[in-house]
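Chemist: Below you'll find the structure I mean.
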Amino acid sequence: TDTTALEHFDALIDADERIEPSDWMPDRYRETLVRQIAQHAHSEIIGMQPEGNWLTRAPSLRRKAILTAKVQDEAGHGLYLYGAAETLGTPREELLDRLHTGRQKYSSIFNYATLTWADVGAIGWLVDGAAIMNQVPLCRCSYGPYARAMVRICKEESFHQRQGFQIMLELSKGTDAQRAMAQDALDRWWWPSIMMFGPPDAESVHGDQNMRWGIKRFGNDELRQKFIDATVPQADLLGLTIPDPDLHLDEKTGHYVHGPIDWDHFWDVIKGNGPASRERMATRVGAHEGGAWVREAATAYAAKRAAAAGQ
Ligand code: 3HC
């Protein structure tokens, strides 16, 4: 009966064991994982757009090759994550439809334009840096397929963060104009990057339950603080100023205290009113519709091969 199944599930969670696709699990555990993993996958594929804007404008062949590899990685992360989400029983077409019709979200961070080459550096340094903070604990998520996808993704994220930081380092050691470009990118990407970790724990809808289920290992605020503490010294090394006049080190706690975050702006962005939100979704839906013929051809070819193999 469900009671023993629930007791077995709870025993696995309490023992910090992995839940696998064939295990019984509460519907709400399944639903919250489909929600989080699919939205993570949506973020990866939408996240290709801001940097994709600079593939044909990269300042050197080397930078172009590195950026191409990174954007290609993000597509792969999306595929791993859609694959992990599908093990929970919801087909990819349905997940994409939820994205295209606004019933599922993607990360707020990808609703901002990439105005200069320094934005590519700031995204790698800050956005992928924030992603690493949030994704390393997910390698220990209680749901097996998600945790295993994260292990591979985190390895590639560290390359993403390093190449971004290196771009910022080169610019910060360059001409006055290059330094100003790096500072301008930090000014525009700092606050959206710390919002990436989600609302304050007090307003986190899923936080407590997901902590109990071993999906979330740390609250949003704790990961945000970890990211800020690690990033401030990096900005100092770059000789760049973080655009938060209240930011200061609390000697007693060893943590940086930051100024107020504009949560009204955050909720407005995830409602679809970010600076580039409309463009991101139009490009996404356009790519999906434009690629329909490829999916149809692949499906028809697979059916023909199956028929030929007498399946
Ligand atoms: N952008 C958009 N929506 C967000 C958000 C953000 N930055 N932060 C929170 N939200 C949404 C949540 O999805 C939830 O809405 P929902 O019920 O419709 O899903 C609501 O705000 C309340 O937030 P909660 O704190 O209750 O939500 P979670 O417990 O799910 O925590 C999270 C939010 C920390 C983002 C968690 O979902 C998570 O860890 N997700 C996996 C990591 C991820 O998705 N990262 C996105 C960036 S992808 C990326 O960085 C790629 C890299 O290569 C650049």
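The values are calculated or read from the model by the stated rules, or taken from the named source; none is laboratory data. Keep in mind it's a predicted model, so treat the numbers as computed, not measured. For neighbour counting, all protein chains shown are included, and Cβ atoms are generated from backbone atoms with ideal geometry for every residue, glycine included. Ligands, DNA and RNA are excluded from the accessible area calculation, which covers all protein heavy atoms including side chains. Shrake-Rupley method; radii C 1.70, N 1.55, O 1.52, S 1.80 Å.
Chemist: Could you give each residue of region 140-146 its phi-based ³J(HN,Hα) in whole Hz, using Karplus coefficients 6.51, -1.76, 1.60 with θ = phi - 60°, and x for Gly or Pro?
Modeler: For region 140-146, the Karplus-derived couplings read 10, 4, 5, 8, x, x, 5 Hz, x marking Gly and Pro.
Chemist: Next question. Using a simple charge model, +1 on the beta-carbon of Lys and Arg, -1 on the beta-carbon of Asp and Glu, nothing else, what dipole does the chain show about its Cα centre, in debye to the nearest 20? Numbers along the way, then the final one.
Modeler: Details: 34 positive and 43 negative charges, 270 e Å.
Around 1300 debye, computed over the chain.
Chemist: Specify which residue in the list Thr231, Leu6, Pro91 is farthest towards the positive end of the charge dipole of the chain, using unit charges on the beta carbon of Lys, Arg (+1) and Asp, Glu (-1), about the Cα centre.
Modeler: Of Thr231, Leu6, Pro91, it is Pro91.
Chemist: Between helix 220-238 and the chain, what is the angle of the helix's C-alpha long axis to the longest principal axis, kept within 0 to 90° and rounded to the nearest 10?
Modeler: Helix 220-238 sits roughly 40 degrees off the main axis of the chain.
Chemist: Please list log₁₀ I(q)/I(0) at q = 0.14, 0.18 Å⁻¹ for region 57-119, using the Debye equation with identical point scatterers on the alpha-carbon positions.
Modeler: Results for region 57-119 at q = 0.14, 0.18 Å⁻¹ read -0.60, -0.85.
Chemist: In nm², what is the average projected area of the convex hull enclosing the Cα atoms of the chain?
Modeler: Average of the hull's projected areas for the chain equals 19.5 nm².
Chemist: How about region 92-188: which trypsin sites (Lys or Arg not before Pro) there lie in a loop by DSSP and see at most 14 other Cβ atoms within 10 Å?
Modeler: Working: sites: Arg92, Arg98, Arg103, Lys105, Arg140, Arg148, Arg152, Lys155, Arg162, Lys173, Arg179, Arg188; in loops: Arg103, Lys105, Lys173.
Sites meeting the loop and neighbour criteria: Arg103, Lys173.
Chemist: His255's amide H: which non-local residues (gap 5+, or another chain) put their own amide H closer than 5 Å, with H modeled 1.01 Å from N in plane and none for Pro or chain starts?
Modeler: HN-HN under 5 Å from His255: Asp250.
Chemist: For the chain, what % of the accessible area comes from carbon and sulfur atoms, probe 1.4 Å?
Modeler: The value for the chain is 57 percent carbon and sulfur by accessible area.
Chemist: Amide H of Ile19 versus every other amide H placed in the peptide plane: which residues, excluding those fewer than 5 positions away on the same chain, fall under 5 Å?
Modeler: Amide H neighbours of Ile19, under 5 Å, 5+ apart: Tyr143, Gly144.
Chemist: When we measure straight from the Cα of Lys155, which lysines land under 18 angstrom away, once same-chain ones fewer than 8 places off are left out?
Modeler: Lys70
Chemist: Using modelled backbone amide H atoms (1.01 Å from N, in-plane), which distant-in-sequence or interchain residues come within less than 5 Å of Ala276's amide H?
Modeler: Here Tyr112, Ala113 satisfy the definition.
Chemist: Report, in whole Å, the centroid distance computed from the Cα atoms of region 65-115 and region 175-207.
Modeler: 21 Å
Chemist: To continue, here is another question. Cα axis of helix 27-46 to longest principal axis of the chain: angle in degrees, 0 to 90, nearest 10?
Modeler: 50 degrees
Chemist: Rounding to the nearest 10 and keeping the result within 0 to 90°, find how far the Cα-based axis of helix 61-86 lies from the longest principal axis of the chain.
Modeler: Helix 61-86 sits at roughly 30 degrees to that axis.
Chemist: In addition: Hey, what does the equivalent ellipsoid look like for region 178-311, semi-axes from the Cα gyration tensor as sqrt of 5 times each eigenvalue, largest first, whole Å?
Modeler: Semi-axes from the Cα gyration tensor: 42, 22, 16 Å.
Chemist: Here's something else I'd like to know. Counting Lys +1, Arg +1, Asp -1, Glu -1, what net charge surrounds Asn220 among other residues with beta carbon under 13 Å of its beta carbon?
Modeler: Summing Lys/Arg as +1 and Asp/Glu as -1 gives -1.
Chemist: Right, here's the next one. Quick one: give the max-minus-min coordinate of the C-alpha atoms of region 111-181 along each principal axis, largest first, in Å.
Modeler: Extents along the principal axes, in whole Å: 49, 24, 13.
Chemist: Further, regarding this structure: Kindly give the semi-axes, whole Å and largest first, of the ellipsoid equivalent to region 75-233, taking each as the square root of 5 times a Cα gyration tensor eigenvalue. Provide the component values of the computation, followed by the final result.
Modeler: Values: eigenvalues 177, 63, 48 Å².
Taking √(5λ) for each eigenvalue gives 30, 18, 15 Å, largest first.
Chemist: Along the positive direction of the dipole of the chain (beta-carbon charges: Lys, Arg +1; Asp, Glu -1; about the Cα centre), which of Ala180, Gly310, His255 reaches farthest?
Modeler: Gly310
Chemist: Let me ask something else about it. In Å and on Cα atoms, what radius of gyration and Dmax does region 7-90 show?
Modeler: Values for region 7-90 (Cα only, Rg and Dmax): 18.0, 58 Å.
Chemist: To continue, here is another question. State in Å² the accessible area per residue of the chain; use a 1.4 Å probe, count heavy atoms of protein chains only, and round to the nearest integer.
Modeler: It amounts to 49 Å² per residue over the chain.
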